[in-house]
1. Just one of (1) surrounded by 21 or more Cβ atoms within 10 Å (Cβ to Cβ); (2) under 14 Å from the mean Cα position of the chain (by Cα) trips up A:Lys56, so point out which.
2. Answer yes if at least one residue in segment A:76-91 is closer than 27 Å to B:Ser95 by Cβ, surrounded by 17 or more Cβ atoms within 10 Å (Cβ to Cβ), within 14 Å of chain B (Cβ to nearest Cβ) and at pLDDT below 90, and no otherwise.
3. Output the residues belonging to segment B:58-85 that are within 14 Å of the chain's Cα centre (by Cα) and over 23 Å from A:Glu45 (Cα atoms).
4. If you take the residues of segment B:67-97 that are open to solvent by 20 Å² or more (accessible area, probe 1.4 Å) and within 14 Å of another protein chain (Cβ to nearest Cβ), which of them is nearest to B:Arg11 (Cα to Cα)?
5. Give the residues of segment B:98-113 that are part of a loop (DSSP other than H, G, I, E, B) and open to solvent by 30 Å² or more (accessible area, probe 1.4 Å), sorted by residue number.
6. Under the condition of being within 11 Å of chain A (Cβ to nearest Cβ) and not hydroxyl-bearing (Ser, Thr, Tyr), which residue from segment B:24-35 is most open to solvent (accessible area, probe 1.4 Å)?
Amino acid sequence: QKEVEQDPGPLSVPEGAIVSLNCTYSNSAFQYFMWYRQYSRKGPELLMYTYSSGNKEDGRFTAQVDKSSKYISLFIRDSQPSDSATYLCALDRGAQKLVFGQGTRLTINP
Amino acid sequence: NAGVTQTPKFRVLKTGQSMTLLCAQDMNHEYMYWYRQDPGMGLRLIHYSVGEGTTAKGEVPDGYNVSRLKKQNFLLGLESAAPSQTSVYFCASSSTSPSTGELFFGEGSRLTVL
């Protein structure tokens, strides 16, 4: 069983839709949760970072962590074509070793 | 405003050949990492360094070696390339532990081993 599972998609939605991206994990020791965004042929860039359970909002983006269910989500409101990218969840298990999900490829259609 | 620079960006090797990927960062970061990215596998950590002169193994270190002789550079070597090492390689750096700080990635190096 992989430590982190993420639906690879692809996911295609119309512009303006609310997008929900999700990851599940198996190790209850994970404490820090991140979302990275990766445009085609580019390196990933940090989008959001959360600690422990709860929600964190940054503009149109909301990161949600449910530690009891071992489930993390990223919501994108009013999605834009510029949001088209691959989104990777990343979880910390200490000692400088992030564990990344497989990434979900998202396309926002104008 | 270079950030993290990887060279070369593309390379084709034959099985058994050797090569070195160079990563350079100009942000004075202590931590540096080498990842590989394969379809359906996400990013997997190969080796990392927590400071000049230090290196440590990640999840998938076999077939790779690294060196961090200078703080700003992190080299990834393949001594005898195999087709299974065909991948996109990303270097990253951070000023603190990645759990509390941001990883800055390069644009990737695409390696094909025939």
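1. The single condition A:Lys56 does not satisfy is (1).
2. At the first step, the residues of segment A:76-91 found to be closer than 27 Å to B:Ser95 by Cβ are A:85-91.
When the remaining residues are screened for being surrounded by 17 or more Cβ atoms within 10 Å (Cβ to Cβ), the result is A:85-91.
The next check asks that each one be within 14 Å of chain B (Cβ to nearest Cβ); those that pass are A:85-91.
From what is left, the residues that are at pLDDT below 90 are none.
No, that holds for no residue.
3. Keep residues of segment B:58-85 that are within 14 Å of the chain's Cα centre (by Cα), which gives B:58-68, B:72-78, B:85.
B:Pro61, B:Asp62, B:Gly63, B:Tyr64, B:Asn65, B:Val66, B:Ser67, B:Arg68, B:Gly77, B:Leu78, B:Gln85, listed by residue number.
4. Step one: filter segment B:67-97 for residues open to solvent by 20 Å² or more (accessible area, probe 1.4 Å), giving B:67, B:69-73, B:75, B:79-80, B:82-84, B:86, B:88, B:95-97.
From what's left, within 14 Å of another protein chain (Cβ to nearest Cβ): B:88, B:95-97.
Values: B:Val88: 10, B:Ser95: 29, B:Thr96: 31, B:Ser97: 31 Å.
The selected residue is B:Val88.
5. First, pick out the residues of segment B:98-113 that are part of a loop (DSSP other than H, G, I, E, B): B:98-103, B:106-108.
Residues satisfying the conditions are B:Thr100, B:Glu102, B:Glu107.
6. Step one: list which residues in segment B:24-35 are within 11 Å of chain A (Cβ to nearest Cβ), which gives B:30-33, B:35.
Subset that is not hydroxyl-bearing (Ser, Thr, Tyr): B:30, B:32.
Values: B:Glu30: 71, B:Met32: 0 Å².
By that ranking, first place goes to B:Glu30.
The values are calculated or read from the model by the stated rules, or taken from the named source; none is laboratory data. Keep in mind it's a predicted model, so treat the numbers as computed, not measured. With ideal geometry, Cβ positions are generated from the backbone for all residues, glycine too; neighbour counts draw on all protein chains shown. When the accessible area is computed, the model is the full protein with side chains, heavy atoms only, and any ligands, DNA or RNA have been set aside. Shrake-Rupley method; radii C 1.70, N 1.55, O 1.52, S 1.80 Å.
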